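Worksheet: the structure to be examined is printed underneath.
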Amino acid sequence: MRDKGIVVSSSGDFAQVEVSCLIDSCHGCSARSLCIGQAQSKGLITAKNPMNASPGDEVEVSIPDTKYSQALLVIFGALLAASLAGIGLGYLISSVFSLPSAGTSLLGLVLFLAVAGTALFRYFKAKNRKTLYPLIVEIIKKAQA
């Protein structure tokens, strides 16, 4: 998806871009609660800035929808697998050691979710940080100096 916006600030390799809601369905979007600009008709996003856009520049931003969808599938899939594995392992341990199954299953669930959450956090922080950010692909109009 591509969107147009105005650079509000830039710092290093990143810029804050104010994007306008260009489509009517934006106001009824189910993900609107996640948008920074939910109270207005504009949103504020952080984008990679390889074009060295300056504050006031009008830019075109490419948002990697497919990469976001893939990342969500990885996150929810890993958390679901960890939940099931934790509950299953907890139940197995309870039957081997004659412990209460509810308590050990809950403990397994919590431990596996904590491990999976930590692993996912480190994975996305290290590997996918660069690919999941929106990218400024073009400076449409330079700001007046």
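The values are calculated or read from the model by the stated rules, or taken from the named source; none is laboratory data. All values derive from a computational prediction rather than experimental measurement. Note: ideal-geometry Cβ built from the backbone for every residue, glycine included; neighbour counts use all protein chains shown. We work out accessible area using only protein heavy atoms, side chains counted, and drop any ligands, DNA or RNA first. Shrake-Rupley method; radii C 1.70, N 1.55, O 1.52, S 1.80 Å.
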Taking the options CYS21, CYS29, name whichever one is at pLDDT below 80 and either closer than 18 Å to ILE140 by Cα or surrounded by 14 or more Cβ atoms within 10 Å (Cβ to Cβ) (or both). CYS21
Since LEU99 meets every condition but one in (1) within 23 Å of GLY5 (Cβ to Cβ); (2) assigned to a loop (DSSP other than H, G, I, E, B), which condition does it not meet? (1)
Which residues, taken from region 86-112, are among the aliphatic types (A, V, I, L, M) and open to solvent by 60 Å² or more (accessible area, probe 1.4 Å)? ILE87, LEU89, LEU92, ILE93, VAL96, LEU99, ALA102, LEU106, LEU107, VAL110, LEU111
Do we find that ILE140 is under 18 Å from the mean Cα position of the chain (by Cα) and modelled with pLDDT of 90 or more in this structure? no
Could you figure out which of (1) open to solvent by less than 40 Å² (accessible area, probe 1.4 Å); (2) of a type outside the set (D, E, K, R); (3) outside any loop (DSSP other than H, G, I, E, B); (4) touching a residue at least 60 places away in the same chain (Cβ under 8 Å) isn't true of VAL137? (1)
Return a yes/no flag: does region 63-79 have any residue that is open to solvent by less than 60 Å² (accessible area, probe 1.4 Å), modelled with pLDDT under 90, under 16 Å from GLN16 (Cα atoms) and within 25 Å of the chain's Cα centre (by Cα). yes
Please go through region 1-10 and pick out each residue that is open to solvent by 70 Å² or more (accessible area, probe 1.4 Å) and modelled with pLDDT under 90. MET1, ARG2, LYS4
